[in-house]
């Protein structure tokens, strides 16, 4: 199917929603050519890489990119390299017509929506690894995951060229890895982390939330509550990371529908647990609710001596 035929089919699937000025391409050459033309005109590019099934969290990234750049470009690709054989690649939710409509409403100019053959025409024998940052937490739970993420993002950065790239902080360890990779490999890309978008009850928005049953959905906010409790300990002056991590783990484990994967508190630059809690910190947790596996995290700044609970201590979703 040609790129034009693909756009026409998607537009029809949108039940009459006009594609308008947005350009949807399914080839690397088409996307690269569009952005090269944009830069020749002197306009700046904001890139939002996604795996599709877009929600308000993704839209917040597009809006940030629109505020800070002349052109917003989105990629929609469910990357097989970051899924192990026993993971949910086939069941990962997909809805390209809806994604296009959301992008158009957010002011996106161009979308790259390739299939796996376009991205990987031959078996991939070249991979990118950010060893130290990817060793713990998600890296320990999913040993091949971050190499797959780093490899596809490196490829997307190479395709897109000079730009600012916007990622949500929900996948905080991924954000740290992507930022370090871009710096280490001298990509002409500025990586921007954007705040987590949450439901009213605190649940972080995720494409996987759609797979939760009603009971699992009611239980899932325990992740955020547990992280808040851990942050409260830090703000009260607790300096032992084991005490904080154990509290978070215990709260999640007490929820019958949650199967804890990990809970930790780390230095946000190194992704390692400090011996003593001080300065900027990040609490992270992951758990399964049936099949869906959800992540969450929370930033907290440890109070300085004598300031426990005072103005010097703070917690937020921002780093």
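The values are calculated or read from the model by the stated rules, or taken from the named source; none is laboratory data. Only a predicted model underlies this, so the values are computations on that prediction, with no experimental measurement involved. Note: ideal-geometry Cβ built from the backbone for every residue, glycine included; neighbour counts use all protein chains shown.
Structure notes:
- Residues of the stretch 172-190 satisfying the condition of being touching a residue at least 24 places away in the same chain (Cβ under 8 Å), surrounded by fewer than 22 Cβ atoms within 10 Å (Cβ to Cβ) and within 14 Å of residue 130 (Cβ to Cβ): 180, 182, 184, 185, 187
- Test: residue in the stretch 18-40 that is assigned to a loop (DSSP other than H, G, I, E, B), more than 20 Å from the chain's Cα centre (by Cα), buried (at least 17 other Cβ atoms within 10 Å of the Cβ) and modelled with pLDDT under 90: yes
- Residue in the stretch 192-204 that is in a helix (DSSP H, G or I), in contact (Cβ under 8 Å) with a residue 12 or more places away in the chain, touching a strand residue (DSSP E or B) at 6+ places or on another chain (Cβ under 8 Å) and surrounded by 17 or more Cβ atoms within 10 Å (Cβ to Cβ) present: no
- Residue ID - farthest from residue 181 (Cα to Cα), chosen from residues in the stretch 114-141 that are assigned to a loop (DSSP other than H, G, I, E, B) and in contact with a strand residue (DSSP E or B) (Cβ under 9 Å, 6 or more places away or on another chain): 114
- Conditions (1) more than 20 Å from residue 199 (Cα to Cα); (2) free of Cβ contacts under 8 Å to residues at least 60 places away in the same chain; (3) crowded, with 19+ Cβ neighbours inside 10 Å; (4) in contact with a strand residue (DSSP E or B) (Cβ under 7 Å, 6 or more places away or on another chain): number failed by residue 233: (4)
- Residues considered: 113, 85. Of these, the only one that is in the same structural domain as residue 166 (by TED's automatic domain parsing) and free of Cβ contacts under 8 Å to residues at least 12 places away in the same chain is 85.
- Matching residues, the stretch 54-67, being crowded, with 20+ Cβ neighbours inside 10 Å and farther than 11 Å from residue 106 by Cα: 54, 57
- Looking at 249, 278, 305, 231, just one residue is out of contact with any helix residue (DSSP H, G or I) (no Cβ under 9 Å at 6 or more places or on another chain), under 27 Å from residue 130 (Cβ atoms) and either modelled with pLDDT of 95 or more or in a loop (DSSP other than H, G, I, E, B) (or both), and that residue is 278.
- Scope the stretch 256-281; condition buried (at least 17 other Cβ atoms within 10 Å of the Cβ), farther than 19 Å from residue 304 by Cα and in contact with a strand residue (DSSP E or B) (Cβ under 8 Å, 6 or more places away or on another chain); matching residues: 258, 260, 261, 262, 263, 264
- Note on the stretch 206-228: residues that are assigned to a loop (DSSP other than H, G, I, E, B) and surrounded by fewer than 18 Cβ atoms within 10 Å (Cβ to Cβ) amount to 1.
- Test: residue in the stretch 139-149 that is in contact (Cβ under 8 Å) with a residue 60 or more places away in the chain and under 15 Å from residue 77 (Cα atoms): yes
- Only one of 286, 263 that is assigned to a strand (DSSP E or B), under 12 Å from residue 226 (Cα atoms) and out of contact with any helix residue (DSSP H, G or I) (no Cβ under 6 Å at 6 or more places or on another chain): 286
- Of all the residues in the stretch 22-45, those that are within 19 Å of residue 76 (Cβ to Cβ) and free of Cβ contacts under 8 Å to residues at least 12 places away in the same chain number 2.
- Test: residue 157 is touching a strand residue (DSSP E or B) at 6+ places or on another chain (Cβ under 9 Å), in a helix (DSSP H, G or I) and more than 27 Å from residue 224 (Cα to Cα): yes
- Only one of 101, 165 that is assigned to a helix (DSSP H, G or I), surrounded by 15 or more Cβ atoms within 10 Å (Cβ to Cβ) and in contact (Cβ under 8 Å) with a residue 40 or more places away in the chain: 101
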